[in-house]
Amino acid sequence: MTTKKNDNTEICPAQGLLKMLSGKWKPEIFRLAVTAPLRFNTLLRQIEGSNKQSLATALKEMEESGLLEKTIIQQKPLHIEYTLTEKGQSLVAVFQQLEGMNT
């Protein structure tokens, strides 16, 4: 089944989900966000081969697409956490099915 976008290009409804999670680090970020809130430096250490710029870009895009919420924690030292939004939580089952297809 396809739907029409406003710019007259047809896309599959699943294409939007795949676009939100496409990119070098987004699937791994999403997978880690399912289990716990994320901190930038922790992600940098956990995702082998990542760098500050690429992670910052992926996090920003995921936040803009409504998958992650950025929260500033007003403790000493000040830090930022990323958590899955309600929209992100709703995609967990779909993401797990996609992961299961790979085994």
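The values are calculated or read from the model by the stated rules, or taken from the named source; none is laboratory data. Bear in mind the structure is a predicted one, so any value in this text is a computation, not a measurement. When we count neighbours, we look across all protein chains shown, and the Cβ atoms used for this are built from the backbone with ideal geometry, even at glycine. What goes into the accessible areas is simple: the full protein's heavy atoms, side chains included, and nothing from ligands, DNA or RNA. Shrake-Rupley method; radii C 1.70, N 1.55, O 1.52, S 1.80 Å.
Points to keep in mind about this one:
- Qualifying residue in the range 38-46 (condition: touching a Phe, Trp or Tyr at 6+ places or on another chain (Cβ under 9 Å) and under 23 Å from residue 99 (Cα atoms)): yes
- Enumeration of residues in the range 61-81 that are of a type outside the set (S, T, N, Q), assigned to a loop (DSSP other than H, G, I, E, B) and open to solvent by 90 Å² or more (accessible area, probe 1.4 Å): 76, 77, 78
- Of all residues in the range 60-74, those that are under 13 Å from residue 86 (Cα atoms) have Cβ atoms under 6 Å from Cβ atoms of residues that are surrounded by 12 or more Cβ atoms within 10 Å (Cβ to Cβ) and small (Gly, Ala, Ser), 6 or more apart or on another chain, in 67/88.
- Members of the range 82-97 found to be within 11 Å of residue 62 (Cβ to Cβ) and in a helix (DSSP H, G or I), listed by number: 87, 88
- Considering 43, 55, 32, the condition of being in contact with a strand residue (DSSP E or B) (Cβ under 7 Å, 6 or more places away or on another chain), open to solvent by less than 40 Å² (accessible area, probe 1.4 Å) and under 17 Å from residue 70 (Cα atoms) is satisfied by 32 alone.
- Close pairs (6 angstrom Cβ cut-off, 6 or more residues apart or separate chains): among the small types (Gly, Ala, Ser) in the range 17-43, outside any loop (DSSP other than H, G, I, E, B) anywhere: 23/58; 33/84
- Just so you know, in the range 73-103 the residues that are among the β-branched types (Val, Ile, Thr) and under 16 Å from residue 33 (Cα atoms) include one that is modelled with the lowest pLDDT, and it is 94.
- Condition broken by residue 23, with the remaining ones in (1) over 13 Å from the mean Cα position of the chain (by Cα); (2) part of a loop (DSSP other than H, G, I, E, B) satisfied: (1)
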